[in-house]
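First, the structure itself, so that you have it in front of you.
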Amino acid sequence: MQLKKQTFQFLKDLKENNNRDWFTEHKKDFTEAQNNAKAIYKKIEENLNKHDEIDKFKLFRIYRDVRFSKDKTPYKTHFGGSFHRKKPELRGGYYLHISHGDSFVAGGFWEPNKEDLLRIRKEFEVDASEIREILKEKNYVQHFGGKLEGDELKTAPKGFDKTHPDIDLIRKKGYVAIQHFSDEEVLAPDFLTRVDEAFKALRPFFNYMSDVLTTNLNGESLLD
């Protein structure tokens, strides 16, 4: 199972010809590229289910919603798919973005709801040593550079001390790990294996966050 060069070429051509007339003329090429992408994402889901529990997979539509956007180009120039872990006991989600010149995998909590975000911040306020250790693990550093991406506040959230030693974590609005891939890596025969290895590297992070989000600050389960 491998991403075809024609699929990548279609995305590159679409980026240079993002209009409805061109897309209509190349609808067959799109269908072939989309079918190849679907097969890739389904194989990734199959691989994930060998070491995790995925309860929902979504391949996003290529059509853009331009109603409230200044950018009126009608099509996305990438394929994107998300894989949600089985709730409520397993938290977090995986994502794969395939685009000419900008492909990456990501995982974590992009826009957590306000209750989850507060619970995470409170945990870090009390003790951030465990998440710090996870971010320093060799496998996590290898794939994600030991970092958590995501938007963050310029100062402390309401109710938190701006001088707290872990304020860099507390002021984040999301907690996401990202690994980028070159075009050559995406087209290589071992790409799906590399994606799966990156997702496996997220497990200590996901296990920790799942424990946090399914318990209160006293460590009592919220699932009972």
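The values are calculated or read from the model by the stated rules, or taken from the named source; none is laboratory data. A quick note: this is a predicted structure, and the numbers were derived from the prediction, not measured. Glycine also receives a Cβ, built like all others from the backbone with ideal geometry; neighbour counts cover every protein chain displayed. When the accessible area is computed, the model is the full protein with side chains, heavy atoms only, and any ligands, DNA or RNA have been set aside. Shrake-Rupley method; radii C 1.70, N 1.55, O 1.52, S 1.80 Å.
If you go through the range 189-224, how many residues are in a loop (DSSP other than H, G, I, E, B) and of a type in the set (A, V, I, L, M, F, W, C)?
Step one: filter the range 189-224 for residues in a loop (DSSP other than H, G, I, E, B), giving 189-190, 202, 214, 216-220, 222-224.
If we keep only those that are of a type in the set (A, V, I, L, M, F, W, C) too, we end up with 202, 217, 222-223.
Number satisfying all stated conditions: 4.
Return the only residue of Ala198, Ala177 being small (Gly, Ala, Ser), touching a His at 6+ places or on another chain (Cβ under 7 Å) and within 30 Å of Lys43 (Cβ to Cβ).
Details: Ala177 fails: touching a His at 6+ places or on another chain (Cβ under 7 Å).
Step by step, each of Ala198, Ala177 is checked, and only Ala198 is small (Gly, Ala, Ser), touching a His at 6+ places or on another chain (Cβ under 7 Å) and within 30 Å of Lys43 (Cβ to Cβ).
Would you point out which residue out of Val176, Val186 is assigned to a strand (DSSP E or B) and closer than 30 Å to Lys5 by Cα?
Numbers: Val186 fails: assigned to a strand (DSSP E or B).
The conditions single out Val176.
Moving to a separate point now. Go through (1) of a type outside the set (A, V, I, L, M, F, W, C); (2) closer than 25 Å to Leu118 by Cα; (3) open to solvent by 20 Å² or more (accessible area, probe 1.4 Å); (4) in contact with a Phe, Trp or Tyr (Cβ under 8 Å, 6 or more places away or on another chain) for Gly174 and report which single condition fails.
Gly174 satisfies all of (1) of a type outside the set (A, V, I, L, M, F, W, C); (2) closer than 25 Å to Leu118 by Cα; (3) open to solvent by 20 Å² or more (accessible area, probe 1.4 Å); (4) in contact with a Phe, Trp or Tyr (Cβ under 8 Å, 6 or more places away or on another chain) except (3).
Give the residues of the range 32-71 that are in contact with a Lys or Arg (Cβ under 7 Å, 6 or more places away or on another chain) and outside any loop (DSSP other than H, G, I, E, B), sorted by residue number.
Asn36, Ile54, Asp55, Leu59, listed by residue number.
Select from the range 36-60 the residues that are closer than 23 Å to Thr73 by Cβ and either among the hydrophobic types (A, V, I, L, M, F, W, C) or loosely packed, with under 13 Cβ neighbours inside 10 Å (or both) and list them in ascending order.
Correct list: Ala37, Leu59, Phe60.
Moving on. Any idea which of Asp166, Asp190 is surrounded by 13 or more Cβ atoms within 10 Å (Cβ to Cβ) and over 20 Å from Arg91 (Cβ atoms)?
Selected residue: Asp166, the only one of Asp166, Asp190 that is surrounded by 13 or more Cβ atoms within 10 Å (Cβ to Cβ) and over 20 Å from Arg91 (Cβ atoms).
Of the residues Leu90, Leu117, Leu96, which is among the aliphatic types (A, V, I, L, M), open to solvent by 20 Å² or more (accessible area, probe 1.4 Å) and not in a helix (DSSP H, G or I)? Write out each step before concluding.
Working: Leu117 fails: not in a helix (DSSP H, G or I); Leu96 fails: open to solvent by 20 Å² or more (accessible area, probe 1.4 Å).
From the options Leu90, Leu117, Leu96, the qualifying one is Leu90.
Looking for whichever is touching a residue at least 60 places away in the same chain (Cβ under 8 Å), outside any loop (DSSP other than H, G, I, E, B), aromatic (Phe, Trp, Tyr) and open to solvent by less than 60 Å² (accessible area, probe 1.4 Å) here; the options are Phe8, Phe83, Phe23. Which one fits?
Going through Phe8, Phe83, Phe23 in turn, the sole match is Phe8.
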